[in-house]
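Below: the structure, in structure tokens.
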Amino acid sequence: MAENNTRKIGLLRFPLQIQRISWRDLAASLGPILLVSVIAFWIAFHFVRPAPPDTITIASGPEGSTLRTYAERYRDILSRNDVTVEILASEGTLDNLRKLANPDVDVDVGFVQGGLAAAVDTSELVSLGSIGYVPLAIFYRSAGTLERLSELKGRRVAIGHPASGTHFLALTLLKANGIEPHGPTKLLDIGGEEAVEALLKRRIDAAFLSGDSASPANMRKLLHAHHIRMLDFTQANAYVRRFRYLNRLELPPGSFDLGANLPPKPFTLIAPTVDLIARDDLHPALSDLLIEAAREVHGRATLIQRAGEFPAPLENEFRISDDAARYYKSGKSFAYRYLPFWLASLADRALVVLVPIIIVLIPGLRLAPALYAWRIKARIYRRYGELMALERAALEPTTPEQRTDLLKRLDDFEKAVISIKMPGSFADQLYVLRLHINFVRERLTAGTAGT
């Protein structure tokens, strides 16, 4: 008995294949989403910065100069974050600017005095901010007091070394007062201690001093010398308005020597600023580190600046970089504020990769099942259109031969429906379609019987 039942069941066996998923429809559904995601990833990687370099080069100044000292302090501060600073010696701030503007010179950032931008092409340079004033002191030998630079006409004037910012600024200011090279005024390319000694020994009549040349020791030495005076810039407001990189500074009496009360009255100077200039491809993370170092090095109060006054985003001749502007406005980003530098850099770049996933891929994957279902249902709905066409034909007056032909077409249609590859989750809709096919067949059969 059991053997007979087994045989009967065996007779009922037939190959049963259930199409669990339509790979073609799945590919068509996911394809646009994946394509948009790939484009989003490409855009993200196109704009994301690589990891910040672990070595940068700073153009400083001559050996033993204040700018060289600044660069060494930057080196010590950046080393805390495992960034190596290589210091490139130069002849001065004008030389620094020329090195930065020359793509063949391996330098990333440098100290540049205001007023020098016209000397080179600065289109690919940006400022990370001003780091301090560089007062211009003009000493002259005279029994009387001079009130204007134009009164130096016809005299022997030291204007600093050719690669220095002092030299370039002196030529600019003298030209504004009608004094130019190769005229009656003898302009000498000497500066620093050499210019101070030349003035004391009467070999020159005036000297432009700034930066290291205008050190407190040199200032006191000249102020105590007989018949040597420092020019009081009574026209300072006019200079500041005409040359936007200049600033007006007023020194109180006794600023240089309290005991001798030098100067004996309020004294006015003009001063450009020194800016931290970088190439515009400087990594944002290094930009933040450099500004942070600048705050530590230049943020203290001095005779001519208030505590916290520098660094400052003063846009004089160079545009402030976008990264520097962001730092001055909101400080370091969250990652760099609370994580070690290397880890913050990694997290910052990883975030750029996650953005397309969050914005595009995840919502797209949530939409994929609905898109996939729509494509499957669309294939069934197209069959309904064909079935409705057969039903409309059956409602019209037909001959027996025409109805037989319609029944054959309906049988072929049903075979085509049965052969549709359909995921099991949509089988109920396929069987509903077959019920409708039977409904149309019954109407055709009834019409044939009636005929």
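Does ALA28 qualify as being of a type in the set (Gly, Ala, Ser) and either over 29 Å from ILE131 (Cα atoms) or modelled with pLDDT under 70 (or both)?
Numbers: of a type in the set (Gly, Ala, Ser): yes; either over 29 Å from ILE131 (Cα atoms) or modelled with pLDDT under 70 (or both): yes.
Yes; evaluated as a whole, the condition is true for this residue.
Determine if the stretch 208-219 includes at least one residue that is over 41 Å from the mean Cα position of the chain (by Cα), closer than 15 Å to LEU149 by Cα and of a type outside the set (D, E, K, R).
Pass one, the stretch 208-219, residues over 41 Å from the mean Cα position of the chain (by Cα): 217-219.
Okay, now just the ones that are also closer than 15 Å to LEU149 by Cα, so none.
There is no residue in the stretch 208-219 that is over 41 Å from the mean Cα position of the chain (by Cα), closer than 15 Å to LEU149 by Cα and of a type outside the set (D, E, K, R).
Kindly indicate the residue of the stretch 411-439 that is farther than 12 Å from ARG383 by Cβ and aliphatic (A, V, I, L, M) and also modelled with the highest pLDDT among those meeting that condition.
So, considering only residues that are farther than 12 Å from ARG383 by Cβ and aliphatic (A, V, I, L, M), the one modelled with the highest pLDDT is LEU435.
Testing ASP275 on (1) under 26 Å from ARG141 (Cα atoms); (2) of a type outside the set (Gly, Ala, Ser); (3) buried (at least 21 other Cβ atoms within 10 Å of the Cβ); (4) at pLDDT 90 or above, one condition comes back false. Which one is that?
(1)
If you check LEU188 against the conditions, is it open to solvent by 10 Å² or more (accessible area, probe 1.4 Å), over 22 Å from ARG242 (Cβ atoms) and not aromatic (Phe, Trp, Tyr)?
Details: open to solvent by 10 Å² or more (accessible area, probe 1.4 Å): yes; over 22 Å from ARG242 (Cβ atoms): yes; not aromatic (Phe, Trp, Tyr): yes.
So LEU188 passes the test.
Restricting attention to the stretch 207-238, report how many residues are assigned to a loop (DSSP other than H, G, I, E, B) and out of contact with any strand residue (DSSP E or B) (no Cβ under 6 Å at 6 or more places or on another chain).
If we filter the stretch 207-238 for residues that are assigned to a loop (DSSP other than H, G, I, E, B), which is where we start, we get 215, 224-227, 231-235.
From the residues that got through so far, the ones that are out of contact with any strand residue (DSSP E or B) (no Cβ under 6 Å at 6 or more places or on another chain) too are 215, 224-226, 234-235.
Summing the residues that are assigned to a loop (DSSP other than H, G, I, E, B) and out of contact with any strand residue (DSSP E or B) (no Cβ under 6 Å at 6 or more places or on another chain) in the stretch 207-238 gives 6.
Quick check: is even one residue across the stretch 105-117 of a type outside the set (Phe, Trp, Tyr), over 30 Å from ARG220 (Cα atoms) and over 21 Å from the mean Cα position of the chain (by Cα)?
Within the stretch 105-117 (the criterion being of a type outside the set (Phe, Trp, Tyr), over 30 Å from ARG220 (Cα atoms) and over 21 Å from the mean Cα position of the chain (by Cα)), the answer is yes, since at least one residue qualifies.
Could you run through the stretch 142-186 and say how many residues are among the charged types (D, E, K, R) and part of a helix (DSSP H, G or I)? Steps first, answer last, please.
In the first step, residues of the stretch 142-186 are kept if they are among the charged types (D, E, K, R); the result is 147-148, 151, 153, 155-156, 175, 180, 186.
With the extra rule that they be part of a helix (DSSP H, G or I), the set shrinks to 151, 175.
Final tally of qualifying residues: 2.
Looking for something closer than 30 Å to ALA285 by Cα, in contact with a Lys or Arg (Cβ under 8 Å, 6 or more places away or on another chain) and modelled with pLDDT under 60 - is there at least one such residue anywhere in the stretch 75-95?
Taking every residue of the stretch 75-95 in turn, none turns out to be closer than 30 Å to ALA285 by Cα, in contact with a Lys or Arg (Cβ under 8 Å, 6 or more places away or on another chain) and modelled with pLDDT under 60.
Kindly provide the set of residues from the stretch 292-301 that are surrounded by fewer than 16 Cβ atoms within 10 Å (Cβ to Cβ) and touching a residue at least 60 places away in the same chain (Cβ under 8 Å), ordered by number.
Hit for the stretch 292-301 is GLU296, nothing else.
Here's a check for you: in the stretch 278-291, which residue that is of a type in the set (A, V, I, L, M, F, W, C) and open to solvent by less than 10 Å² (accessible area, probe 1.4 Å) is nearest to VAL109 (Cα to Cα)? Before you say what the answer is, go through the steps one by one.
As a first pass, look at the stretch 278-291 and keep what is of a type in the set (A, V, I, L, M, F, W, C): 278, 282, 285-286, 289-291.
In the following step, the residues that additionally are open to solvent by less than 10 Å² (accessible area, probe 1.4 Å) were identified as 278, 285-286, 290-291.
Details: ALA278: 4, ALA285: 14, LEU286: 10, LEU290: 9, ILE291: 12 Å.
Within the stretch 278-291, the match that is nearest to VAL109 (Cα to Cα) is ALA278.
Just to be sure, is ARG241 open to solvent by 10 Å² or more (accessible area, probe 1.4 Å), outside any loop (DSSP other than H, G, I, E, B) and more than 27 Å from TYR70 (Cβ to Cβ)? Lay out the reasoning, then the answer.
Working: open to solvent by 10 Å² or more (accessible area, probe 1.4 Å): yes; outside any loop (DSSP other than H, G, I, E, B): yes; more than 27 Å from TYR70 (Cβ to Cβ): yes.
In short, yes.
One line per residue, one yes/no per condition, for (1) touching a residue at least 24 places away in the same chain (Cβ under 8 Å); (2) more than 27 Å from GLY132 (Cβ to Cβ); (3) open to solvent by 60 Å² or more (accessible area, probe 1.4 Å):
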| position | (1), (2), (3) |
| --- | --- |
| LYS175 | no, no, yes |
| GLU193 | yes, no, yes |
| ALA198 | yes, yes, no |
| ALA207 | yes, no, no |
| GLY211 | yes, no, no |
| SER215 | no, no, no |
| ILE228 | yes, no, no |
| PHE233 | yes, no, no |
| LEU249 | yes, no, no |
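Within the stretch 200-221, is even one residue of a type in the set (Asp, Glu) and modelled with pLDDT of 95 or more? Show your work before the answer.
Start the filter on the stretch 200-221 by keeping residues that are of a type in the set (Asp, Glu), which leaves 205, 212.
Applying the additional criterion that residues be modelled with pLDDT of 95 or more yields 205.
Scanning the stretch 200-221, I find at least one residue that is of a type in the set (Asp, Glu) and modelled with pLDDT of 95 or more, so the answer is yes.
When the stretch 80-94 is examined, which residues are found to be open to solvent by less than 60 Å² (accessible area, probe 1.4 Å) and more than 14 Å from THR57 (Cβ to Cβ)? Quick ask: steps written out before the conclusion?
To start, the set of residues in the stretch 80-94 that are open to solvent by less than 60 Å² (accessible area, probe 1.4 Å) comprises 81, 83, 85, 87-90, 92-94.
Correct list: ASN81, GLY92, THR93, LEU94.
Scan the stretch 251-272 residue by residue and report those that are open to solvent by less than 40 Å² (accessible area, probe 1.4 Å) and either under 42 Å from the mean Cα position of the chain (by Cα) or in contact (Cβ under 8 Å) with a residue 24 or more places away in the chain (or both).
Residues of the stretch 251-272 that are open to solvent by less than 40 Å² (accessible area, probe 1.4 Å), as a first pass: 251, 254-257, 262-263, 267-272.
Selection gives LEU251, SER255, PHE256, ASP257, LEU262, PRO263, PHE267, THR268, LEU269, ILE270, ALA271, PRO272.
Specify the residue that is modelled with the lowest pLDDT; the eligible residues are those in the stretch 302-323 that are surrounded by 18 or more Cβ atoms within 10 Å (Cβ to Cβ) and charged (D, E, K, R).
So the residue we want is ASP323.
Return yes or no: is GLY129 at pLDDT 95 or above and under 25 Å from the mean Cα position of the chain (by Cα)?
On the way: at pLDDT 95 or above: yes; under 25 Å from the mean Cα position of the chain (by Cα): yes.
So GLY129 passes the test.
Which of the residues that make up the stretch 113-141 are in contact with a Pro (Cβ under 6 Å, 6 or more places away or on another chain) and either surrounded by fewer than 20 Cβ atoms within 10 Å (Cβ to Cβ) or assigned to a strand (DSSP E or B) (or both)? Let's see the steps before the verdict.
Residues of the stretch 113-141 that are in contact with a Pro (Cβ under 6 Å, 6 or more places away or on another chain), as a first pass: 113-115, 129, 131, 134.
Answer for the stretch 113-141, where residues must be in contact with a Pro (Cβ under 6 Å, 6 or more places away or on another chain) and either surrounded by fewer than 20 Cβ atoms within 10 Å (Cβ to Cβ) or assigned to a strand (DSSP E or B) (or both): GLN113, GLY129, ILE131.
The values are calculated or read from the model by the stated rules, or taken from the named source; none is laboratory data. Worth saying up front: this structure is predicted, and the values here are computed from it rather than measured. All Cβ positions, even for glycine, are placed from backbone atoms using ideal geometry, and neighbour counts span all protein chains on display. Keep in mind that these areas ignore ligands, DNA and RNA; they rest on the heavy atoms of the full protein, side chains included. Shrake-Rupley method; radii C 1.70, N 1.55, O 1.52, S 1.80 Å.
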